[in-house]
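**Q** Sharing a structure with you now.
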Amino acid sequence: MQDDVSAPENGDTEKQMIFFPNFLFLEAIAAIIVFAGIVALAVFIPMAMGDPADPSASAFKPKPEWYFMSAFYLLKLCPSSIEIVPTIIGPAVGGALLMLMPFIDKHPERSPKKRPIAMILTAVITVSVVGLTVAGIYLD
Amino acid sequence: MFGKIIDLLEERFTFKKSLQEDVFEHKVPNKLNFTFCFGGLTFLMFLLLVATGIAMLFFYVPTVDHAFTSVEYITFDLPMGNVIRGVHHWSANGIIVFICLHMLRVVVYGAYKNPREFHWISGVLLFAVTLGFGFTGYLLPWDQKAYWATNVGVLMPKGVPFIGDHIVSFLMGGSNIGALTLSRFFALHIAVLPLITAVFLLAHFLMIRRTGVARPL
């Protein structure tokens with residue numbers, strides 16, 4: 001069957017287990033905890049409503065969802081002459097790099113300790129995005 | 001009688017056999033730790049979003065006049081409405097968190113390397129589509145923060161060479177945010193993006209079943 005593809009990497013089939021119940025058990029516990037957490041949030045933090053949209057109230061200060069905050073804040077930090085950097089060039093280059101990761105970091109070595117460049121790059125990008133998000137939320 | 005129908009269907013579709021062999025008995029590397037759950041948890045968020053999204057579709061009205069009041073109805077008057085909307089809201093936030101954790105795990109374990117490059121690419125596309133869901137869904141309650149945040153966001157593609165203005169006017173359905181913008185965001189949110197998601201999700205799952213999970217280091 002197709003299952004052996006993960007085995008030949010170091011050639012011993014003994015280090016495998018059957019999905020059910022072994023991994024499904026772990027996955028099910030995680031799913032139950034997360035599901036309970038989501039329902040608890042929904043129950044204990046009731047959804048509210050803002051004011052209805054008013055196209056004439058242009059003084060309203062927009063605030064995006066937190067996952068767009070890094071881009072939003074970067075757009076705010078950049079002078080409008082180079083607006084194209086956060087709006088187009090950043091996402092395009094970032095998206096392309098992200099997609100091409102397996103072809104850039106293509107040496108078969110998988111251990112993070114032996115891939116310092118990939119790890120440092122990942123850390124730098126993660127820290128910058130998290131930093132911009134936090135800065136956007138608290139400084140804006 | 002009923003058992004016989006099941007047997008006949010099983011003979012033709014081999015559901016039970018597939019479920020047994022391809023789901024329950026498929027082999028995974030041992031020593032999988034909890035970080036291998038993030039992909040599955042992302043899928044759980046997706047399922048919750050689909051279920052609560054469909055439930056709200058029965059009440060939500062995507063027009064400038066009624067969007068806000070219909071969301072208000074769901075939030076305050078509909079029995080369980082607040083919980084349904086709340087689960088949709090928190091799952092929408094949760095899915096971003098779990099996608100990021102899933103991606104970080106894959107990067108650290110080098111799991112996107114040959115033969116799993118296309119698993120990764122389909123995943124990056126799914127992430128992009130998820131952001132699209134977040135962006136289009138944010139406008140639907142038609143409240144102040146939705147309206148003004150969309151005002152900023154929708155102009156972002158303006159700088160794309162040659163077609164930037166066309167993308168913006170396609171999304172807005174005109175030169176400012178109004179009835180057509182709401183219709184288009186709604187159509188994208190409940191029809192276009194779900195279909196794209198279904199295609200890439202199927203590819204993502206079929207490929208990972210084919211190659212198996214990259215073994216832990």
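The values are calculated or read from the model by the stated rules, or taken from the named source; none is laboratory data. Predicted, not measured: the structure shown is a model, and the values here were computed from it. Note that each Cβ is placed from the backbone with ideal geometry, even for glycine, and that neighbours are counted across all protein chains shown.
**Q** When you scan the stretch B:19-32, do you find a residue that is part of a helix (DSSP H, G or I), of a type in the set (D, E, K, R) and either closer than 29 Å to B:L126 by Cβ or more than 9 Å from every other protein chain (Cβ to nearest Cβ) (or both), even just one?
**A** Yes, the stretch B:19-32 contains at least one residue that is part of a helix (DSSP H, G or I), of a type in the set (D, E, K, R) and either closer than 29 Å to B:L126 by Cβ or more than 9 Å from every other protein chain (Cβ to nearest Cβ) (or both).
Every residue, every condition in (1) buried (at least 16 other Cβ atoms within 10 Å of the Cβ); (2) farther than 28 Å from A:P91 by Cβ, yes or no:
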site: B:L32; (1), (2): yes, yes
site: B:F38; (1), (2): yes, no
site: B:F76; (1), (2): no, yes
site: B:H88; (1), (2): yes, no
site: B:I96; (1), (2): yes, no
site: B:Y112; (1), (2): yes, no
site: B:F118; (1), (2): no, no
site: B:L126; (1), (2): yes, no
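**Q** Moving to a separate point now. Condition first: buried (at least 18 other Cβ atoms within 10 Å of the Cβ), without any contact (Cβ under 8 Å) to a residue 40 or more places away in the chain and away from chain A (no Cβ under 14 Å). Now tell me which residues in the stretch B:172-217 satisfy that.
**A** Matches in the stretch B:172-217: B:R184 only.
**Q** Those residues that are in contact with a His (Cβ under 9 Å, 6 or more places away or on another chain), among the polar types (S, T, N, Q) and within 29 Å of B:R215 (Cα to Cα), I need them from the stretch B:4-54; list them, please.
**A** Hits for the stretch B:4-54 are B:T35, B:T42.
**Q** When you check A:F60 against the structure, is it more than 7 Å from chain B (Cβ to nearest Cβ), modelled with pLDDT of 85 or more and under 30 Å from B:L78 (Cα atoms), yes or no?
**A** In short, no.
**Q** Follow-up. Those residues that are aromatic (F, W, Y) and in contact with a Gly (Cβ under 6 Å, 6 or more places away or on another chain), I need them from the stretch B:38-69; list them, please.
**A** Residues satisfying the conditions do not exist here.
**Q** What are the pairs, 6+ residues apart or on separate chains, where a residue within the stretch A:35-61 that is in a strand (DSSP E or B) has its Cβ under 8 Å from a residue that is among the hydrophobic types (A, V, I, L, M, F, W, C)?
**A** From residues that are in a strand (DSSP E or B), the pairs are A:P52/B:F68; A:P52/B:W142.
**Q** Let me ask something additional. When the residues of the stretch A:49-65 are filtered to those that are touching a helix residue (DSSP H, G or I) at 6+ places or on another chain (Cβ under 6 Å) and of a type in the set (A, V, I, L, M, F, W, C), which remaining residue is surrounded by the fewest Cβ atoms within 10 Å (Cβ to Cβ)?
**A** A:M49
**Q** Which of the residues belonging to the stretch B:117-132 are facing chain A (nearest Cβ under 7 Å) and touching a Ser or Thr at 6+ places or on another chain (Cβ under 7 Å)?
**A** none
**Q** All but one of (1) part of a helix (DSSP H, G or I); (2) more than 7 Å from chain A (Cβ to nearest Cβ); (3) farther than 25 Å from B:L131 by Cβ hold for B:N82; state the number of the condition that does not hold.
**A** Every listed condition holds for B:N82 apart from (2).
**Q** State all residues of the stretch A:109-139 that are in contact with an Asp or Glu (Cβ under 9 Å, 6 or more places away or on another chain) and surrounded by fewer than 10 Cβ atoms within 10 Å (Cβ to Cβ); if no residue qualifies, say none.
**A** A:I117, the sole residue that qualifies.
**Q** Only one residue in A:V34, A:V43, A:V93 is loosely packed, with under 15 Cβ neighbours inside 10 Å, facing another protein chain (nearest Cβ under 7 Å) and out of contact with any Lys or Arg (no Cβ under 9 Å at 6 or more places or on another chain), so which one is that?
**A** Just a single option satisfies the conditions, and that option is A:V43.
**Q** Out of the stretch B:111-155, which residues are assigned to a helix (DSSP H, G or I), more than 26 Å from B:F98 (Cα to Cα), free of Cβ contacts under 8 Å to residues at least 24 places away in the same chain and not aromatic (F, W, Y)?
**A** Once the filter is applied, which keeps residues that are assigned to a helix (DSSP H, G or I), more than 26 Å from B:F98 (Cα to Cα), free of Cβ contacts under 8 Å to residues at least 24 places away in the same chain and not aromatic (F, W, Y), the stretch B:111-155 yields B:Q144, B:V152.
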